[in-house]
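Notes for the one structure printed next.
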Amino acid sequence: MLHVTSAPDDKALSESVRRQADEIALPDKLAITSIFGRPFDPKIWSGAPNNVATAFERLGVETIDAFPHLTRFERSLFGVKYMLSGYGRLPTSLSLFRGAEVRALRARRLAKRLKDVDVRRVLHTGTLDLPACDTDAVDHFLYCDHTWDLWFRHRDAADPHTPKAFRIFDDYDRTCYAQMRHIFTFGTYVRDNLISHYGVAPERVTAVGSGMGPIDPYFGAKTYDNHLMLFVAKHLFAEKGGHLVLDAFAIAKQSRPELRLIVVWDGKDKNLPRRYPHVEFRTQLRWGALTRLYREASLFVQPMLNDPWGQVYLEALVSRTPVLGLDRNGLPEITENGRHGFLVAEPDARAIAAAMLDAASDPSRLDRMGLSGQRHVLKNYSWDGVARQMAFVMAS
């Protein structure tokens with residue numbers, strides 16, 4: 001089945017962005033912070049801080065990066081304190097960042113950085129350099145894709161955090177949210193949780209969505225009867241549902257031998273290609289090659305266990321490829337409750353296999369989903385749109 005659509009008028013969209021920016025009293029300077037590395041590094045947090053900064057620059061706002069880092073010695077010291085505090089064993093380096101001492105140290109270093117560069121507005125991309133210590137001099141804003149409470153609901157059964165850790169870290173975040181002048185979220189479901197669980201006033205939190213990676217929309221001919229499914233995980237293979245997909249595909253292929261699955265991964269587990277000989281494994285792909293796979297696939301399969309959003313879903317949909325994943329976190333919102341893809345209730349290989357077979361049974365439906373999904377993404381998700389919404393709130 002072939003289908004061709006026309007591209008939107010990019011010149012008209014750019015002119016609209018400029019007109020809206022002219023109507024907003026934009027801040028002169030804005031600091032953007034990240035605890036994971038330099039915010040303007042495209043590899044940090046799926047590129048979100050860098051993409052937001054670039055979008056603000058297009059609006060005419062000078063953006064300044066802020067990275068309140070820790071030394072190796074400090075990481076080791078805080079790791080010991082974390083375990084001695086009764087929070088559980090240390091599962092990841094991210095966990096040690098949640099302690100009060102680490103947060104306070106990062107907040108002080110961030111405050112010094114803001115003072116040195118004379119910036120009075122800062123956008124945090126997470127709460128782990130908060131609570132702030134300079135709210136009298138600086139307006140603090142937050143852009144987040146999840147909350148501690150939401151994450152805990154779908155945590156792994158072997159998660160080592162103690163009940164004490166959950167209560168204390170939840171209270172830390174509640175204090176952070178109370179300090180923010182305004183909070184921006186990727187999804188509406190996160191906004192709802194901030195209001196219901198953390199008591200944030202509705203007028204102080206706005207769902208602004210996200211954009212995606214540097215992938216162009218695909219408007220060319222596309223077929224949906226090639227039986228090609230795609231899974232993409234450059235890291236966190238298991239957490240993004242990789243083993244679930246492999247097991248589900250093995251089940252589905254028994255009923256439909258013509259099905260194909262391409263897995264893009266980091267190549268760490270050398271046994272996987274031998275265990276799943278009917279799966280095509282790809283690694284170290286350049287962006288152009290990955291883009292072609294998005295466009296060629298008839299279904300994007302990614303049952304992420306606890307990922308809060310998933311920009312890969314947007315990248316698939318903008319390529320007119322319907323998506324299949326778990327009915328949790330941000331995917332129901334991205335797919336408009338299954339209008340542009342398939343939602344599976346639980347992380348069960350047989351249930352995912354059944355959804356794969358259901359999707360493959362009707363190429364015409366996939367075509368309709370691909371078209372509606374692309375229109376939805378182009379209308380609602382862009383970094384320019386995120387920056388405009390934030391700028392409007394910051395100016396008010």
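The values are calculated or read from the model by the stated rules, or taken from the named source; none is laboratory data. Everything numeric here is computed off the predicted structure, so don't read it as measured data. In this analysis, Cβ positions are derived from the backbone assuming ideal geometry, glycine residues included, and neighbour counts consider all displayed protein chains. Ligands, DNA and RNA are excluded from the accessible area calculation, which covers all protein heavy atoms including side chains. Shrake-Rupley method; radii C 1.70, N 1.55, O 1.52, S 1.80 Å.
Residues in the range 80-104 that are at pLDDT 75 or above and open to solvent by less than 10 Å² (accessible area, probe 1.4 Å): 3 in all. Take the conditions (1) over 19 Å from the mean Cα position of the chain (by Cα); (2) closer than 26 Å to residue 394 by Cα; (3) buried (at least 18 other Cβ atoms within 10 Å of the Cβ); residue 53 misses just one of them, which is (1). If I filter the range 353-396 down to residues being touching a strand residue (DSSP E or B) at 6+ places or on another chain (Cβ under 7 Å), within 20 Å of residue 48 (Cα to Cα) and not β-branched (Val, Ile, Thr), which single residue comes out as surrounded by the most Cβ atoms within 10 Å (Cβ to Cβ)? The residue in question is 390.
For the range 13-34, filtering for residues that are at pLDDT 90 or above and assigned to a loop (DSSP other than H, G, I, E, B) leaves 1. If the condition is being assigned to a helix (DSSP H, G or I) and touching a residue at least 12 places away in the same chain (Cβ under 8 Å), then the range 179-210 contributes 179, 188, 189, 190, 191, 193, 194, 204.
Test residue 108 against the stated conditions and say whether it is in contact with a strand residue (DSSP E or B) (Cβ under 9 Å, 6 or more places away or on another chain), over 30 Å from residue 327 (Cα atoms), at pLDDT 95 or above and open to solvent by 60 Å² or more (accessible area, probe 1.4 Å). No: the conditions fail for residue 108.
Residues that are of a type outside the set (Phe, Trp, Tyr), without any contact (Cβ under 8 Å) to a residue 40 or more places away in the chain, surrounded by 15 or more Cβ atoms within 10 Å (Cβ to Cβ) and outside any loop (DSSP other than H, G, I, E, B) are absent from the range 150-169 altogether. Looking for something more than 22 Å from residue 252 (Cβ to Cβ), within 18 Å of the chain's Cα centre (by Cα) and at pLDDT below 95 - is there at least one such residue anywhere in the range 300-307? The answer is yes; a qualifying residue exists. None of 286, 274, 260, 256 is within 25 Å of residue 225 (Cα to Cα), out of contact with any Pro (no Cβ under 9 Å at 6 or more places or on another chain) and open to solvent by 70 Å² or more (accessible area, probe 1.4 Å) except 260. Filtering 120, 72 for residues that are closer than 29 Å to residue 307 by Cβ and open to solvent by 60 Å² or more (accessible area, probe 1.4 Å) leaves a single hit, 72. Within the range 341-365, count every residue that is more than 22 Å from residue 318 (Cα to Cα), of a type in the set (Gly, Ala, Ser) and under 22 Å from the mean Cα position of the chain (by Cα). So the count comes out to 1. Taking first residues from the range 212-223 that are touching a residue at least 60 places away in the same chain (Cβ under 8 Å) and partners that are open to solvent by 40 Å² or more (accessible area, probe 1.4 Å) and of a type in the set (Val, Ile, Thr), the Cβ contacts under 8 Å between residues at least 6 apart in sequence or on separate chains come to 219/4; 220/4; 221/4. The set of residues in the range 253-303 that are under 16 Å from residue 323 (Cβ atoms) and among the small types (Gly, Ala, Ser) comprises 297, 298. The selection criterion, being surrounded by 18 or more Cβ atoms within 10 Å (Cβ to Cβ), among the acidic types (Asp, Glu) and in contact with a Ser or Thr (Cβ under 9 Å, 6 or more places away or on another chain), holds for residue 315. The set of residues in the range 239-253 being without any contact (Cβ under 8 Å) to a residue 24 or more places away in the chain and either more than 17 Å from residue 312 (Cβ to Cβ) or open to solvent by 40 Å² or more (accessible area, probe 1.4 Å) (or both) consists of 243 alone. Of the residues making up the range 258-296, those that are in contact (Cβ under 8 Å) with a residue 24 or more places away in the chain and among the acidic types (Asp, Glu) are 258, 266, 269, 296. Only residues that are open to solvent by less than 20 Å² (accessible area, probe 1.4 Å) and closer than 13 Å to residue 319 by Cβ were counted across the range 188-212, and they come to 0.
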